[in-house]
Amino acid sequence: QKEVEQNSGPLSVPEGAIASLNCTYSDRGSQSFFWYRQYSGKSPELIMSIYSNGDKEDGRFTAQLNKASQYVSLLIRDSQPSDSATYLCAVTGGTGGFKTIFGAGTRLFVKA
Amino acid sequence: DAGITQSPRHKVTETGTPVTLRCHQTENHRYMYWYRQDPGHGLRLIHYSYGVKDTDKGEVSDGYSVSRSKTEDFLLTLESATSSQTSVYFCAISGGQGGYTFGSGTRLTVV
């Protein structure tokens, strides 16, 4: 079992729709959770961090954390073609200490 | 990326040759990291540094060594390059919100 799992996709949504990206993690002691966006041929860019259960909103992005279910999600409202990228889930803490473990990423396509 | 640069951006090398990748930061961060990214595997930690001359192994450290003689520079060396080390290599430093800021990456091809 991978430590951080994501559906590789691709996830295809129409422009203006809500894109929902999901991630599960295996280490119950994990404490910090991150979402990165990576455009093709570019480096990952941090877009959201979340540390406690519940929702955290930043513009069109909402991160959701459920530690009991070991589940993190990212919602993108009013999706735009410019949101088309690979989204990486990352987790820190637990047995890994300060080291960050990344999922393999979900490819998102937003159709105009 | 602002504050962190990698060189070279692209490199093709032959099997068995040593290769050194450089990461330079201007943010005075104590921690620096080297990751490799391969399809289906995501980003995997190779080595990290928590200060000058202080380094430790990550999950995929075999065949790699690192050095940090100055706060701003973190070098990754492939001692004898193999085809399995063909990858994209990213350097990272601690960024905002507790996450990382990544360099632009080095695409390495071992032929």
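Ordering B:T82, B:T20, B:Y50 by Cα displacement along the dipole of chain B toward the positive end leaves B:T20 in first place; charges were set at the Cβ atoms of Lys, Arg (+1) and Asp, Glu (-1). Near the amide H of A:L108, within less than 5 Å, lie the amide hydrogens of A:L11, A:A85, A:T86, A:Y87, all on another chain or at least 5 residues away, with H placed in the peptide plane. A loss of 50 Å² or more of accessible area (1.4 Å probe, protein heavy atoms, ligands and nucleic acids excluded) relative to the isolated chain is seen in these residues of the range B:18-49: B:L43.
Extension gain, A:R28 to A:T95: 0.36 nm times the residue separation minus the Cα-Cα distance gives 23.2 nm. The residues of the range A:14-56 listed by number as losing at least 30 Å² of accessible area in the complex, against the isolated chain and with a 1.4 Å probe, are A:Y36, A:Q38, A:S43, A:P44, A:L46. Counting protein heavy atoms only, chain A has 48 percent of its accessible area on carbon and sulfur, 1.4 angstrom probe.
Can you give me the solvent accessible area of A:R37 with a 1.4 Å probe, rounded to the nearest 10 Å²? Here the accessible area works out near 40 Å². Per residue, the accessible area of the range A:17-104 comes to 42 Å² when a 1.4 Å probe rolls over the protein heavy atoms.
Spatially, the range A:2-52 and the range B:28-72 are offset by 22 Å when compared through their Cα centroids.
If you average over every viewing direction, what projected area does the convex hull of the Cα atoms of the protein assembly as shown give, in nm²?
12.0 nm²
Given contacts defined as C-alpha pairs under 8 Å and at least six residues apart, what's the relative contact order of the range B:28-82, whole-number percent?
Dividing the mean separation by the residue count of the range B:28-82 yields 28 percent.
Taking every C-alpha pair closer than 8 Å and separated by at least 6 residues, the mean separation divided by the residue count of chain A gives a relative contact order of 38 percent. Averaging the sequence gap over all C-alpha pairs within less than 8 Å and six or more residues apart, then dividing by the number of residues, gives chain B a relative contact order of 35 percent. Enumerate the lysines that B:K70 could reach by cross-link, defined here as Cα to Cα under 16 Å, with residues fewer than 8 away along the same chain left out. Cross-link targets: B:K53. For a straight C-alpha distance cut-off of 30 angstrom, the lysines reachable from A:K56 (same-chain residues fewer than eight places away being disregarded) are A:K2, A:K42, A:K67, A:K99, A:K111.
Buried between B and A is an accessible area of approximately 1500 Å², summed over both sides with a 1.4 Å probe.
Could you give the size of the charge dipole of chain A about its Cα centre, using +1 on the Cβ of each K and R and -1 on the Cβ of each D and E, expressed in debye and rounded to the nearest 20?
180 debye
Surface composition of chain B: carbon plus sulfur atoms hold 48% of the accessible area, using a 1.4 angstrom probe and ignoring ligands, DNA and RNA. Rounded to the nearest 0.05, the FRET efficiency derived from the C-beta distance between B:K70 and B:R9 at R0 = 25 Å is 0.70.
Of the residues in the range B:64-107, those shielded by at least 50 Å² of accessible area once partner protein chains are present, compared with the chain alone at a 1.4 Å probe, are B:Q97, B:Y100, B:F102. With a simple spin-label model that places each label point 7 Å from the Cα along the Cα-to-Cβ direction, the separation between A:S52 and A:S82 comes to 3.3 nm.
Below 12 angstrom from the Cβ of A:G97, what's the summed charge of the other residues (Lys, Arg +1; Asp, Glu -1)? Around A:G97, the surrounding residues sum to -1. Around the Cα centre of the protein assembly as shown, unit charges on the Cβ atoms of Lys, Arg, Asp and Glu (plus for the first two, minus for the last two) sum to a dipole of about 120 debye.
Positive end of the dipole of chain A (Cβ unit charges, origin at the Cα centre): among A:G103, A:A17, A:S69, the Cα lying farthest that way belongs to A:G103.
The values are calculated or read from the model by the stated rules, or taken from the named source; none is laboratory data. What you see is a predicted model; the values in this text were computed from it and never measured. No Cβ is skipped: glycine too gets one built from the backbone with ideal geometry, and neighbour counts run over all protein chains shown. Just the protein is used for accessible areas: all its heavy atoms, side chains included, with ligands, DNA and RNA removed. Shrake-Rupley method; radii C 1.70, N 1.55, O 1.52, S 1.80 Å.
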